[in-house]
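Data block below; observations after.
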Amino acid sequence: MQSIATNFWNVSPLIPARDVEEGIAFYRNALGFELTYRDADPAQFAILGCNGVRLHLFDNQDKNLADWTSLRIVVERIDTLYRRCQENGCVHPNGLLGSRPWGNTGIFDHRPDGGMYCIRTAGHNGKLSGEKGKVE
């Protein structure tokens with residue numbers, strides 16, 4: 001029996017936030033995402049998007065869950081985004097833009113709720129590399 005491969009098109013992570021409004025402001029101002037949905041004012045749940053990427057923020061007061069949630073975003077033209085992040089004060093001193101040994105360029109910092117995010121380019125030849133389940 002021949003199997004047909006499944007094509008995955010997108011992932012929309014659910015990100016815990018101790019303050020959803022603060023999260024909305026961060027993703028809008030620092031990264032340029034647009035708010036596409038807010039459940040209330042103040043928000044307990046929100047969806048933000050940019051170029052087909054969707055992030056779902058939900059209110060969660062568990063500090064450990066927020067602190068241990070990390071996010072990786074792969075982009076093109078990281079230099080432009082890096083300048084925007086610098087202007088908004090969201091580049092950690094240890095997370096400056098630079099080439100990494102595993103073949104991509106990245107920025108690292110912490111979200112307002114304590115979790116980490118990494119923004120990076122694709123690896124050599126535009127492929128994601130250096131991760132289990134390498135994408136070709």
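The values are calculated or read from the model by the stated rules, or taken from the named source; none is laboratory data. All figures in this text were calculated on a predicted structure; none of them were measured in a lab. Because the Cβ atoms are built from the backbone with ideal geometry, glycine has one as well, and the counts that use them run over all protein chains shown. When the accessible area is computed, the model is the full protein with side chains, heavy atoms only, and any ligands, DNA or RNA have been set aside. Shrake-Rupley method; radii C 1.70, N 1.55, O 1.52, S 1.80 Å.
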Rounded to the nearest 10 Å², the accessible area of residue 79 using a 1.4 Å probe with every protein chain kept is 90
Packing-ranked peptide list from 93-99, 4-10, highest mean Cβ count within 10 angstrom first, is 93-99, 4-10
Amide H contacts under 5 Å for residue 122, restricted to residues at least 5 apart in sequence or on another chain and with H modeled in the peptide plane, are 75
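With a ≥ b ≥ c taken as the square roots of the eigenvalues of the C-alpha gyration tensor of segment 1-115, please select rounded if a/c is under 1.5 and otherwise prolate if a/b is larger than b/c or oblate if it is not?
Numbers: a/c = 1.60, a/b = 1.05, b/c = 1.53.
Oblate.
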